[in-house]
Every structure is written in C-alpha cells, then in structure tokens.
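Peer 1: Attaching a single structure in structure tokens format; questions to follow.
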Amino acid sequence: VQLQASGGGLVQAGGYLRLSCAASRSIFSINVMGWYRQAPGKQRELVAGITSSGRTNYADGVKGRFTISRDNAKNTVYLQMNSLKPEDTAVYYCNAVFLPEGHVYWGQGTHVTVSS
C-alpha cells in the first residue's frame, strides 16, 4: 500500500491544521493506522493511532488537542490538530500496520511549522 500525506504548513500558535493520509487501496482491512512526527534532532514519536474498529490512542502531549479519524470510503486517515503549539513543529508521517504479520508501510512526511 502507498500512503500520501498532505495538509502540513505554517500556522501560528493556537491555530489548527488537518492532515490527510490517502492510501492507494482500501484501508478497511488495515489493522492500525497512525501518525508519527519527528522534530529536528529528535527521534520519531507516535502522535496518534486508530484501529480498524475505530479505537484510538494518543500521545500524552496531544490529548485533547488532536483527533485522529478514518474514512474507509475515502481510504483516508485524518489528523485534526487544534490549539497548535510551537513544540508541535515537526515532520508528520502516516503509517499502516498489517497484523499479525507486522508489515509496516510509511508515507512521505508533511511539514508542520507552528510559529510563536
């Protein structure tokens, strides 16, 4: 599966963005889809994940501000990011995980810059 991330940009602190991750095939059977981010000089970290049944999980630093969702009809996963902070600045990546094999696919990153 190929993943295409989009929606990044430059926004002021307190603003919002919505990231999209479009898959090249149906996501109905993809067990887990997620968003990760990597800030300069830091390791890539999980931001949010969503299972095929709609169960979600979030990193502590984004709880209450970010919302992950999936639209199976559009083969797309979204990350709604509200109340953005400068520390949210990073390259954001989406991925897809197939279980139980553990196959992981990554999209290209989309840059998010939050100015103070």
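Peer 1: Restricted to segment 1-23, and to residues that are at pLDDT 95 or above and in a loop (DSSP other than H, G, I, E, B), which residue is most open to solvent (accessible area, probe 1.4 Å)?
Peer 2: The residue in question is Tyr16.
Peer 1: Go through segment 33-55 and report how many residues are surrounded by 14 or more Cβ atoms within 10 Å (Cβ to Cβ) and either closer than 15 Å to Ala96 by Cα or touching a Gly at 6+ places or on another chain (Cβ under 8 Å) (or both).
Peer 2: Residues in segment 33-55 being surrounded by 14 or more Cβ atoms within 10 Å (Cβ to Cβ) and either closer than 15 Å to Ala96 by Cα or touching a Gly at 6+ places or on another chain (Cβ under 8 Å) (or both): 13 in total.
Peer 1: Then there is this: From (1) under 18 Å from Val77 (Cα atoms); (2) over 11 Å from the mean Cα position of the chain (by Cα); (3) at pLDDT 95 or above, pick out the condition that doesn't hold for Gly49.
Peer 2: Among (1) under 18 Å from Val77 (Cα atoms); (2) over 11 Å from the mean Cα position of the chain (by Cα); (3) at pLDDT 95 or above, the lone unmet condition for Gly49 is (2).
Peer 1: Return the residue satisfying two criteria in turn: it lies in segment 66-105 and is free of Cβ contacts under 8 Å to residues at least 40 places away in the same chain and either in contact with a Ser or Thr (Cβ under 7 Å, 6 or more places away or on another chain) or assigned to a strand (DSSP E or B) (or both), and of such residues it is farthest from Val32 (Cα to Cα).
Peer 2: Checking each candidate, the answer is Phe66.
The values are calculated or read from the model by the stated rules, or taken from the named source; none is laboratory data. From a predicted model like this one, the values you see are computed outputs, not experimental measurements. Neighbour counts are summed over all protein chains in view; Cβ atoms, including those assigned to glycine, are modelled from backbone coordinates with ideal geometry. Surface accessibility is based on the protein's heavy atoms, side chains included, excluding ligands, DNA and RNA. Shrake-Rupley method; radii C 1.70, N 1.55, O 1.52, S 1.80 Å.
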